[in-house]
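Scroll down for the structure; my scribbles are underneath it.
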Amino acid sequence: MRLIFIAQHMTDIHSIERIVPDELNTAVQWSAETLELHLERYRFAASRIRGSVVLDMACGSGYGAHLLANNTINSLESITAVDIDADCIVYAKERYYHPLINFLQADATMFDDGRKFDSIVSLETIEHLPHTKPFLKHLFHLLNTKGLLICSVPITPVSYTHLRAHETVLD
């Protein structure tokens, strides 16, 4: 299988690497539009989640895992939400607590709690990694046999200076 991801790197001073909805100035057009794009991606994921055990890999401030917990059509057993940033996880636990969500601090490229997931959501992650093939293989390793992986890369309403393409062949 050949997957090609085009990642647009945001070098503009107004780029958003970690969205914290409560702290965004939504009166600024790019800020409101970027938040809405991220929310749309999570709503898309929520409408397609398979099974009851979900992983939100690189969950950031936690708003997406919370949206999944409240908007997924299936009856969920659990959502494991992982991010490398300890401060984000502390914030997520306080701001986006939900009984189905377990927020954990870990490196996305190495996280493995021994479970297999029915669905994995990893939005706006791939473009931050220098080696995408091992990461994608890792995500597939964490999936159940008939699991679903949902990924996205940024296309936001800010200016870009260059593109970086990831071409990945999965065996």
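Since every read-out is calculated from the coordinates, none of them should be taken as a lab result. Because the structure is a prediction, the values reported are computed rather than measured. Neighbour counts are summed over all protein chains in view; Cβ atoms, including those assigned to glycine, are modelled from backbone coordinates with ideal geometry.
A compact table of results
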read-out	value
Calculated FRET value between residue 105 and residue 138, using beta carbons and R₀ = 25 Å, to 0.05	0.90
In Hz, Karplus ³J(HN,Hα) per residue of region 77-85 (6.51, -1.76, 1.60; θ = phi - 60°; x = Gly, Pro)	8, 6, 10, 9, 10, 10, 8, 6, 8
Whole-Hz ³J(HN,Hα) from phi, Karplus 6.51 cos²θ - 1.76 cosθ + 1.60, for region 41-57, glycine and proline x	5, 5, 5, 4, 4, 4, 6, 10, 3, 10, x, 10, 10, 10, 10, 9, 8
Order by protection proxy (mean Cβ within 10 Å, highest first), peptides 106-114, 72-80, 38-46	38-46, 72-80, 106-114
Interchain or long-range residues, amide H under 5 Å from residue 100's placed H	none
For residue 143, residues with placed amide H under 5 Å, excluding near neighbours	117
Length gained when the stretch residue 78-residue 93 is fully extended (0.36 nm per residue, less Cα-Cα span)	3.9 nm
